[in-house]
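What follows is a set of notes on a single structure, which appears directly below.
Readers should treat all values here as calculations from the given coordinates under stated rules, not as data from a laboratory. Just so it is clear, the model here is predicted, and its values are computed rather than measured. Ideal geometry is used to build each Cβ from the backbone, glycine not excepted, and the neighbour counts take in all protein chains shown.
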Amino acid sequence: MKHWIKLLTALAGSAVFASAAAAVALAHGTNASGTTVKIAKTPPGRILVDGKGITLYDFVPDRNGTSSCYGACAALWPPLIAKRKPHAGTGVRASLLGTTKRMDGKLEVTYNHHPLYYFVPDRKPGQTTGQGVNQFGGPWWVLSPAGQEIHLG
């Protein structure tokens, strides 16, 4: 019985964490006019960030513009979701900005066919604590204004 209580407690905690992470991600990237992606100067260089300056990441295992990050992965690396076409902010090439449909039907923002994600520990503009982290089957990298992975930092 003790084992089941621990398991249920862990699952409940995971669900709360996932809900909080999704709420943080949604709040970061959206504003009254929609989801914005822009460029900011950080220690790894000029990189993609959301409208509030929070770092966005690429997940190497994603293929053909389609996300492979779900479940526990998406709880720690929430996707940048848009309700409509995302906006190109300062330094972003509008022609490289797009969306891909996730399994739940939501639209995830892409840049140069890379689905974009947050890293939950990054809470302030300029933080890049997810840079080069290898989790959930591959590394996570920030993207340059050209839509290329930056393997420094």
Along the Cα→Cβ direction, 7 angstrom out, place labels at LYS85 and ARG46. What is the inter-label distance in nm? 2.4 nm
How far is it, in nm, from the label point at HIS113 to the one at GLN135 when both lie 7 Å from their Cα along the line to the Cβ? 2.7 nm
7 Å from Cα along Cα→Cβ at both ARG123 and ALA72: what's the point-to-point distance in nm? 2.4 nm
